[in-house]
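To start, the structure under review is shown below, and the notes come after it.
The values are calculated or read from the model by the stated rules, or taken from the named source; none is laboratory data. All of these numbers come straight from a predicted model, not from anything done at the bench. Cβ: placed from backbone, ideal geometry, glycine included. Neighbour counts: every protein chain shown.
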Amino acid sequence: MATGMGVLALLSPLPVAPYADALRRAAPGLDVWTREDDAPPERVEAILAWRLQPGQLARYPKLRLVCSIGAGVDKLMPSDLPASVPLTRVVDANQGCEIAQYVLACVLGFTRDLGRYAQQQAAAQWLRHPVRAAAQCRVGILGLGAVGQAVARAFLPLGYPVAGWNRRGEPVPGVEVFSGDAGLAALLARSDVLVCTLPLTPATRGLLNRTRLSQLPRGAFVVSVGRGEQVVEADLHALLDDGQLAGAALDVFEREPPEASNWVWHHPKVIATPHIAAQASFDTVAAQCLDALRCARDGLPLPHAVDRAAGY
């Protein structure tokens with residue numbers, strides 16, 4: 001792929017070296033720069049990034065492509081992103097499986113009362129409690145794309161009733177599907193466990209506020225693996241404190257990482273993890289970035305191109 005042009009990896013605050021090394025392994029003749037390398041602006045042909053700030057792209061006159069290192073691209077669409085520069089995202093089938101594993105682990109811990117048993121173990125208490133039947137714990141999934149469907153498939157064999165919500169109401173085998181505003185309200189009302197796998201768009205930002213979270217049955221459990229900006233954290237905090245919600249598992253946050261003083265780190269009803277529900281491998285990210293660059297050079301349709309109007 002040696003052409004005198006190259007790829008600039010801009011991944012702060014994430015570690016950049018594993019991604020740059022994967023690009024170099026996959027294309028030994030390609031120039032790969034990081035922020036520390038002072039890349040010649042006129043030679044930057046593609047940018048691999050996690051987030052971009054307004055004005056950041058203006059200095060790269062030959063830019064053909066921006067590639068996300070993950071499935072989400074909301075942090076890569078500043079207002080001045082040129083329409084002529086396409087944007088791609090990573091599609092990794094294993095990510096759906098990993099997220100489903102994470103969600104299932106959190107929900108099973110909740111429904112099987114493992115937190116209570118951990119406390120009893122610490123106190124050397126031998127107490128047994130009734131098991132909550134899976135059939136009496138209804139799972140609702142916001143977003144029925146590849147990730148949401150993987151989550152649904154994880155729950156169905158275990159006997160959990162599963163419903164989901166998507167924009168157009170496309171059917172999903174084994175899942176009761178809702179759509180639209182009325183469908184969202186109906187899904188929330190029947191979800192003892194709510195799992196958010198939605199992309200971040202103007203329509204989903206702040207979607208899970210106090211009003212909507214209060215529509216869940218009392219004692220519900222919330223799992224957030226979409227984007228942190230979809231959950232109004234102050235509202236979630238209040239509903240956990242007053243008992244409307246029994247718990248939450250948060251892998252994404254309004255600000256990442258949350259400050260050390262943030263309540264999510266210390267709340268007894270919250271599982272807080274550092275955005276690790278799924279991570280595409282460095283080699284997968286590199287391979288898909290280089291594949292997109294080849295297509296851009298050859299004037300071919302880009303794999304995994306983002307529809308900017310839809311936001312994913």
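When region 226-254 is filtered for residues that are more than 20 Å from Pro202 (Cβ to Cβ), acidic (Asp, Glu) and in a loop (DSSP other than H, G, I, E, B), the ones remaining, listed by number, are Asp242, Asp251. Counting only strands (runs of 3 or more DSSP E) that fall entirely inside region 156-225 and contain at least 3 residues that are in the same structural domain as Asp242 (by TED's automatic domain parsing), at positive phi and under 22 Å from the mean Cα position of the chain (by Cα), no element qualifies.
Within the set Leu23, Leu52, Leu48, Leu8, the sole residue that is aliphatic (A, V, I, L, M), at pLDDT below 95 and on the phi < 0 side of the Ramachandran plot turns out to be Leu52.
Evaluate the following for Ala309: is it of a type outside the set (Ser, Thr, Tyr), free of Cβ contacts under 8 Å to residues at least 40 places away in the same chain, outside any helix (DSSP H, G or I) and surrounded by fewer than 20 Cβ atoms within 10 Å (Cβ to Cβ)? Criteria met by Ala309. When restricted to residues that are of a type in the set (Lys, Arg), in a loop (DSSP other than H, G, I, E, B) and surrounded by 10 or more Cβ atoms within 10 Å (Cβ to Cβ), region 111-150 contains 3.
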